[in-house]
């Protein structure tokens, strides 16, 4: 083997080993969060020792950053493929297809998953700043699938649509495992049907009622404590939101934390319970409300978005499950599934009544979970317009579909 061939062979081996380390790091991040990932665990997954991993990445933060960069590269490539199609609907359909095909390959063991981005904000500057700028580029590229906006209202609406599309594709791995791989094309078609035409039957209007959700808090100060903790966990993830940071957010001592809760796991459980209780309360109020099943559902959606966009929010994001102990994570996923099934029941009642389109209620319920779960990230966007308008724009993405030209006139 001559010198150039040796160099090329060595480069290929180096790249192959680096790719294997990045794939192992992505698995570790998805299971344990970026903060919870360790060199030792990544090395074990690849069959190396820790020293060998440090040859490729000097610090754990460098490895996490490279894993996130790889995810952003993959998203850029998928969006570029979708952008080559001629109109918004075909672009969105292609983007959904490439995501479903990727998840099918992962399920069959033909490909490894990439790192989820929920922990990105827990990184330290300047890496965090650079990664967030790249994420904003991904968001702008997603928004451009709908073309160039003609005015500010269209910009806001296209932004809502882009966010809901991205969050639904990020949410897919949480529920697709309930289906066989050969069912994926049918699931894709059912989800695309919701994206294309929405949930509401033709002729239904957007006239929701915001329910009053009252909670009796037996312990003074606990609600403020849980709100602060929820915001930080949503921003920084389970491991990134330390007890010290939560206490500092409220200008209290760490001792005050342990006055409210005995351990950090109990904090996350309490935050999830508060969030799930709010969602369940909204669903219960809707079920006892006057009007059609569509009117009950739209009021539930609007009430939950109002919570997310107001000082009463946020609700804890399900992405904060990353890094939780398995027992706690299983309990939280079970409660999340019960919430989704209740949405599916509301949808089924509306389909039977005729106020909701004949959609797949199980698939549509998961799309609704992604919608209300992700709205936290749009609080800044929502603050730039009247609350009612923000709720209407964001909810319209699933209520009337991602391509409804009449939304701006409602």
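A short reminder: the numbers here are calculations on the coordinates, not readings from a lab. In this text the structure is predicted, and so the values were computed from the model without any measurement. Here the Cβ is made from the backbone with ideal geometry for all residues, glycine too, and neighbour counts use every protein chain on show.
A few comments on the model shown:
- Based on the convex hull around the alpha carbon atoms, the stretch 13-148 presents an average projected area of 8.9 nm².
- The chain: relative contact order as a whole-number percent, Cα under 8 Å and 6+ apart: 20
- Volume per residue that the Cα convex hull of the stretch 128-216 spans, once the total is divided by residue count, Å³: 235
- Crossing angle, helix 60-83 versus the chain [Cα axis fit, 0-90 degrees, rounded to tens]: 60
- Based on Cα contacts under 8 Å between residues 6+ apart, the stretch 265-410 shows a relative contact order of 29 percent.
- Between 0 and 90 degrees, the angle of helix 326-353 with respect to the longest Cα principal axis of the chain falls at about 40 degrees.
- Protection proxy ranking, peptides 14-24, 147-157, 109-119, 224-234, average beta carbon neighbours within 10 Å, highest first: 224-234, 109-119, 14-24, 147-157
- The C-alpha atoms of the chain define a longest principal axis, and helix 222-240 lies at about 30 degrees to it.
- Shown is the FRET efficiency for residue 130 and residue 189, computed with R0 = 30 Å from the Cβ-Cβ distance and rounded to the nearest 0.05: 0.20.
- Prolate/oblate/rounded call for the stretch 280-342, Cα gyration tensor, a/c under 1.5 rounded: oblate
- Rounded if a/c under 1.5, otherwise prolate or oblate - the chain, Cα gyration tensor axes: oblate
- Whether the stretch 268-387 is rounded, prolate or oblate, judged on the alpha carbon gyration tensor where a/c under 1.5 counts as rounded: oblate
- Helices in the chain, meaning DSSP H runs of at least 4 residues, each add -39500 (n - 2.57). Divided by all residues, the mean residue ellipticity at 222 nm is -22500 deg cm²/dmol.
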